[in-house]
Amino acid sequence: SQTIHQWPATLVQPVGSPLSLECTVEGTSNPNLYWYRQAAGRGLQLLFYSVGIGQISSEVPQNLSASRPQDRQFILSSKKLLLSDSGFYLCAWSRQANQPQHFGDGTRLSIL
Amino acid sequence: GESVGLHLPTLSVQEGDNSIINCAYSNSASDYFIWYKQESGKGPQFIIDIRSNMDKRQGQRVTVLLNKTVKHLSLQIAATQPGDSAVYFCAENRWEGGATNKLIFGTGTLLAVQP
């Protein structure tokens, strides 16, 4: 069966510090991968998606970037965090387009 | 703009009753819809999906109904249990061409099950 892992589960960072959140998928190959952000009490906003190694599409201009160095690894980064980067970050995978996306348990990021 | 939205932000039901959560979508070209359940502090969990060539699909204790005429989606939960308490999201799967899809999420409905 397929599993998706995100870490860390919670993170507290000062403004201006760098960020690296990691997501890995097991049990499948060449998945589509996604990063979402969820504000408190709200739906999910798509940030980045990837259909293959090194292929990243950005949905909204922001202070964040994504990379996919390996087939089943997706990384969300920032060089300098802003207060507005606080939120709940979720990684997801799907087998292919027009198939269900399956989510990890997220990272709660707080910027101080 | 196109969007997916929910009619009720909160729904309170008695344990054992049936629950119905509603969702409206605006993109008539969307052909695939998904319901997710999200418990506090966790990621959304896939419940059930339906494609536009169907108007009903059943799972274990759950049924999704799709009315394309009025662009309405509903999730029915039979014999609601305390463990069903969560936020429920509908999502519209939008085909963007190429090799990827995008999920457009509604704002969510909180289901509170009273013992």
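The values are calculated or read from the model by the stated rules, or taken from the named source; none is laboratory data. Bear in mind the structure is a predicted one, so any value in this text is a computation, not a measurement. Heads up, the Cβs are rebuilt from the backbone with ideal geometry, glycines too, and the neighbour counts pull from every protein chain shown.
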Assuming A:Leu81 fulfils every condition listed in (1) more than 12 Å from every other protein chain (Cβ to nearest Cβ); (2) under 13 Å from the mean Cα position of the chain (by Cα); (3) surrounded by 19 or more Cβ atoms within 10 Å (Cβ to Cβ) apart from one, which condition is it?
(2)
Could you identify the single residue in B:Ile34, B:Ile104, B:Ile50, B:Ile20 that is touching a Cys at 6+ places or on another chain (Cβ under 8 Å) and among the β-branched types (Val, Ile, Thr)?
B:Ile34
What number of residues within the stretch A:60-78 satisfy the criterion of being surrounded by 13 or more Cβ atoms within 10 Å (Cβ to Cβ) and more than 24 Å from A:Gln13 (Cα to Cα)?
2
Is there a residue in the stretch A:60-69 that is in a strand (DSSP E or B), within 14 Å of chain B (Cβ to nearest Cβ) and among the small types (Gly, Ala, Ser)?
yes
Candidates B:Arg61, B:Arg51, B:Arg57, filtered to the one that is more than 19 Å from B:Thr107 (Cα to Cα) and either within 11 Å of chain A (Cβ to nearest Cβ) or surrounded by fewer than 12 Cβ atoms within 10 Å (Cβ to Cβ) (or both):
B:Arg51
Among the residues that make up the stretch A:16-35, is at least one of them of a type in the set (S, T, N, Q), surrounded by 15 or more Cβ atoms within 10 Å (Cβ to Cβ) and more than 10 Å from chain B (Cβ to nearest Cβ)?
yes
Checking the condition touching a Leu at 6+ places or on another chain (Cβ under 7 Å), farther than 19 Å from B:Ile34 by Cβ, of a type outside the set (Lys, Arg) and within 14 Å of chain B (Cβ to nearest Cβ), which residue from A:Gly41, A:Gly87, A:Gly104, A:Gly52 passes?
A:Gly87
Search the stretch B:99-115 for residues being under 12 Å from the mean Cα position of the chain (by Cα) and among the small types (Gly, Ala, Ser), and hand back the single one that is modelled with the lowest pLDDT.
B:Gly106
Can you name the condition, by its number, that B:Ala86 falls short on among (1) touching a residue at least 40 places away in the same chain (Cβ under 8 Å); (2) facing chain A (nearest Cβ under 10 Å); (3) surrounded by 18 or more Cβ atoms within 10 Å (Cβ to Cβ)?
(2)
